[in-house]
Each structure stands twice: as structure tokens, then as C-alpha cells.
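Chemist: I have a structure I would like to understand better, so I am pasting it below and will then ask my questions one at a time.
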Amino acid sequence: MRKKFHFQCLTCGHEIDGFEEWFGNNQSCPKCGTNQVYTIYSTLKENLIDLLKTDKHISSLWHYFDFLPLNKKENIVSDGEGISPIQRWKFLEDFARNHYGLNVEVYVNRNDYSPATGTFKDKGATVAASVLKEHGIKEYVVASTGNTANAFAQYLAKAGISASIFVPQDSLRENFVHIGSLGQKVYIVKGDYAYAKKLAKEYAEKNGLLISIGNMDPLRLEAKKTTAFEIIRQLGKMPDVYIQAISGGTSPLALEKAFHDFQNLDILGEKPRMIFIQGDRCDPQVQAWKKAKAAGFPEGWEHDYPVIENPKTLVPTLATGNPVLYPRLAKLVKRTGGEYFSVNEEMAVDTSRLVAYEVAVKVGPASAIGILGFFEALKNNAIKDNESVFINMGEGVRRAITFLEEVSYTTEQVTDITDLKRFDRCKYKDFVWKPFYEHYT
Ligand SMILES: Cc1ncc(COP(=O)(O)O)c(C=O)c1O
Ligand SMILES: [Zn+2]
């Protein structure tokens, strides 16, 4: 019988039999030693068409089991993740029309709804936990800025797998307590994310343990590629523009993988223009891109990027100071005719406030950076008339209480009835829009 899937090395093309061989060879290619592979399925690709057409209730991304790297359904470890609703946000469309004269459709992926930990990192975690369970792995190591840490801690706990999680010290405090309360081990590393990754790697090597190998890890790529499937299933089309706050780049790289798998088949449509957003206090990819663009993309441009050590940022979730996958991500941006923009991190609070006011959705700091990117893209003429825009919003505010305290603005202390006045929330409209009128009109 043909195997459901195998891996192919992206460097030398060598074929790796499956997870036994991949894990057995320390998650690297036995021939060339690199660790970037694509998962290749023997499933008939056209089978996806029926999965996208279904009108049955879908309870998780395991709806796409045929295109996920697990052999037996009995090993699935799931909490109903990956099927978040995609909503149309009219207030952003109105802004584009009223201030830029553009008719655009704006869709936002509500990953904050993800039942387990409230972020799109639950997708990678369900696939990782299931595969590790299938292969009898009992211990796993992860380094993360916070959201992946939480998602993996939770799903691995559900699978009975011990997780040692390394997070940089500036990670949001709430992350630590969530992980710790699950009885998973959390190490707060004195240093930045790059150092947390280094320490995690050393720990894994010293003890012969498996470690999540980052943004190109097939466990994460395969999980997140289902985002492309969900766009088609829910919207019936691939949008013209894809906007996301970027850190290491798992989500766009996964989207690229989805397009690779279904190329030449008219299932997913055309790749959208990729617009990646970084906060201005840790934006090495934006800096590199601007430099390359100004120089006319000279030979080898994609390998020229700065490394920001110990970034001091208001959004630590996104703080990848050493973007090792920039060469791949930047080429994807260039190929799709996309762009990179930096946004003012101080406006993350304003953005979260605006969104909560307009659509009653509380978005976390990393998501706010992505949504702010929509305004930045408008200002820089990166969105055209009659286009559709998809914002991959990664998180809500579940572990961002301190941030939410900054967002909140109506609390008032009272002692008796004379302090109380009638309340009309309309009076806040100007207040929540003001920063956007100032910076984006
Ligand atoms: C909420 C949120 N948005 C965006 C990102 C960036 O994700 P990536 O660059 O890996 O696709 C992260 C990563 O931690 C995140 O947690
Ligand atoms: Zn190889």
C-alpha cells in the first residue's frame, strides 16, 4: 500500500519516508543535513474540492485529515480549532471609501475564537500533539514568544506529553501562568527570543529530545496551510491581498505551501499579494525590504537583513529580531507583488480600542499591528480599487490583560447618585477615530 505521505528535502530533493525517519534523523535530511522539507501526499488532490464544498458542520481543521500528516484518526488531539469564522468588517471598508475613494472588501479571520488558547497557534499545536502521540513521543521542547508556547503547552498536556517551554523574559506575563497552571514546564529566559531558541536547542540536544524546529517545521506548516482551504470554503474565493502581522513567518510560508500543493489546479485561485506588517520597534524585515527596494533588488538582496538584539518593543509576541526566514519570506512578497510596512507600536492600543468600539471584538496587541497595517497599506497606495483584502488576525486578548487595561477608557469611580449621568456611547466615536484621522487621512 502507498504511504499517505512522505517528505521531500527542499535543498537536495531527497525523499524522507515519514516521521519515523525524520525524527530518527534529528529532523534533518539524511543526505544534506538541512531541515526544510515539504510534506508530499499521495491523496488525490481533487479530493479537496469536495472538502471545500461541504455544507456539513465542521468541527476542526481535521476536516482536512486527508491532507494532514497523520496516519490514524484515533490519534487526533483536538479542541475544535482552525475553523474560525471569517467576517466582513464594514467600518474598514467605509474608511477606505470615505478617505481614499476605494471600494474594497475587507475580511478578517477570527482566530481569537479558537477554543483552546484563543490564537491561530492552536492549529500547529493540534497537529503537533497528534503526530507526537502517534509516534509515542513523551517529551517535547518549544521556544516561543508566547502564543505558540501556550498552544503547545495545552495540546501536549491533553496528549499526556511533557512540554518544556522556553519564553523570553519580555513575553506577556499572563503567558507564564497559563503554561504553569497546566503543569507544563515554563522557563523564562533571561534574554531575547533568539536566546530562548538557543537555550531550548541546547537543552534538547543535551537530552536527546525532540524540539519544534520553527517556522518551517512541517507540523506547523501543514496545520496552517488549512487557512488557505478555509478561505476558499468560507469566502468562495482567494482575496487579492493578504495582510498579516509578521514575526517568524509561519502563516505565510504555510500559505505558500498550500499553493505549492495545488498549483495548476484551479482550486485555491491565485496567490494574494502578501503585505507583511511589523511594529516599528522590531522591524528588521521591513528595514531589509526598504533597503533592497531602494537599491532595485540587487543580486543576493534577500540575504541582506539586520539582526536586532534584545529588541525593546511594546509587542513582544512579534519580536523576532533575527528573521532567519526573511530570504524566503521576502522573495514571496516580491513574487506576489506585495509589500512590507512598519507601523507605530504606540497605536496598537488605539487600534484595539477602535475595533472594539466598531465591531465589539477585542483584539490583542499582535493582531492590532496587523489591522493597523491595513491603514498603512491604504496610505501607501498598496490596495487598489475593487480589491478584496484578507486580514489574518491571530489573537484576541485572552492573555493580554495589561494591554486591555490600556485600551479601556470608560471606568469612573462613583460614590452617590449625583455622580451619575446618562450614558451614550456615541460620544466616544470621535475619540476612538481621532488617532486614525490624524495619521491616516
Ligand atoms: C497573534 C499573532 N500574530 C502574528 C504572529 C506572527 O506569526 P508568523 O509570523 O509566525 O506567521 C504571531 C506569532 O507569534 C502571533 O502570535
Ligand atoms: Zn537534503
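Every read-out reported here was derived from the displayed coordinates using simple, explicitly stated rules and does not represent laboratory data. Computed from a prediction, not measured in an experiment: that's the story for all the values here. All Cβ positions, glycine included, derive from the backbone under ideal geometry; neighbour counts span all protein chains shown.
Chemist: What is the order of D79, D192, fewest Cβ neighbours within 10 Å to most?
Modeler: Taking fewest neighbouring Cβ atoms as first place, the list is D79, D192.
Chemist: Among D430, D217, D17, whose mean-square fluctuation peaks in a Gaussian network model of the chain (Cα, cutoff 10 Å)?
Modeler: D430
Chemist: Loop-only check: which trypsin sites (Lys or Arg not before Pro) in region 68-133 are DSSP coil with at most 11 other Cβ within 10 angstrom?
Modeler: The qualifying sites are K72.
Chemist: Another question, if that's okay. Nearest 10 degrees, 0 to 90: what angle lies between the long axis of helix 250-261 and the longest principal axis of the chain (Cα atoms)?
Modeler: 60 degrees
Chemist: Can I ask one more? Could the peptides 181-189, 254-262, 414-422 be put in order, highest first, of the mean number of other beta-carbon atoms found within 10 Å of their residues?
Modeler: Top to bottom by mean Cβ count within 10 Å: 254-262, 181-189, 414-422.
Chemist: Show that you can apply the helix-only estimate: for the chain, add -39,500 (n - 2.57) for every DSSP H stretch of four or more residues, divide by all residues, and state [θ] at 222 nm to the nearest 500.
Modeler: For the chain, the value works out to -11500 deg cm²/dmol.
Chemist: Related question: For a test of the definition: using alpha carbon positions, the gyration tensor, and the 1.5 limit on a/c, classify region 1-133 as rounded, prolate or oblate.
Modeler: Prolate, since a/c reaches 1.5 and a/b exceeds b/c.
Chemist: If you don't mind, another one. Given +1 on the Cβ of Lys and Arg, -1 on the Cβ of Asp and Glu, and no further charges, what dipole in debye does region 359-441 carry about its Cα centre, rounded to the nearest 20?
Modeler: Taking the Cα centre of region 359-441 as origin, the dipole is about 160 debye.
Chemist: Taking the 0 to 90 degree range and rounding to the nearest ten, how far is the long axis of helix 365-379 tilted relative to the main principal axis of the chain, both from C-alpha atoms?
Modeler: 70 degrees
Chemist: Past 22 Å, Cα to Cα: identify those pairs from K334/K379; K73/K201; K197/K225; K138/K158; K53/K271; K190/K291, in the order given.
Modeler: Pairs exceeding 22 Å: K73/K201; K197/K225; K190/K291.
Chemist: How large is the dipole of region 165-209 about the Cα centre if only Lys and Arg carry +1 and Asp and Glu carry -1, each at its Cβ, rounded to the nearest 20 debye?
Modeler: In debye, rounded to 20, region 165-209 gives about 120.
Chemist: Rounded, prolate or oblate: which fits region 228-361, taking a ≥ b ≥ c as square roots of the Cα gyration tensor eigenvalues, rounded meaning a/c under 1.5, else prolate when a/b beats b/c?
Modeler: In terms of gyration-tensor shape, oblate.
Chemist: Ok, one more. Region 379-441: which GluC sites (Glu not before Pro) are DSSP loop and have at most 12 other beta-carbon atoms within 10 angstrom?
Modeler: Hits after loop and neighbour filter: E412.
Chemist: Assign unit charges at the C-beta atoms only (+1 for Lys and Arg, -1 for Asp and Glu), then state the dipole size of the chain relative to its Cα centre in Debye, rounded to the nearest 20.
Modeler: In total the dipole reaches around 480 debye.
Chemist: Let me ask you something else. Can you pick out the pairs among K31/K331; K45/K121; K4/K384; K198/K434; K121/K312 whose Cα atoms lie more than 31 Å from each other?
Modeler: Check vs 31 Å cut-off fails for K4/K384; K198/K434.
Chemist: Considering only Y437, T250, Y409, whose Cα is most displaced toward the positive end of the charge dipole of the chain, charges sitting on Cβ of Lys, Arg (+1) and Asp, Glu (-1)?
Modeler: In the chain, that residue is T250.
Chemist: Sticking with this one: Can you tell me the 0 to 90 degree angle between the C-alpha axis of helix 193-207 and the longest principal axis of the chain, rounded to 10?
Modeler: 30 degrees
Chemist: Once you have a ≥ b ≥ c as the square roots of the Cα gyration tensor eigenvalues for region 146-300, tell me rounded if a/c is under 1.5, and otherwise prolate or oblate according to whether a/b is larger than b/c.
Modeler: Verdict is oblate for region 146-300.
Chemist: Moving on. In the chain, with Lys and Arg counted as +1 and Asp and Glu as -1 at Cβ, which of these residues, L219, L354, L325, has the Cα nearest the positive end of the dipole, that is, farthest along it?
Modeler: So the residue furthest toward the plus end is L219.
Chemist: Sticking with this structure for a sec: Rank I232, I179, I58 by mean-square fluctuation in a GNM of the chain with C-alpha springs under 10 angstrom and give only the top-ranked residue.
Modeler: Fluctuation is largest for I58.
Chemist: GNM on the chain, C-alpha springs below 10 Å: top fluctuator among P85, P218, P69?
Modeler: Highest fluctuation of the listed residues: P85.
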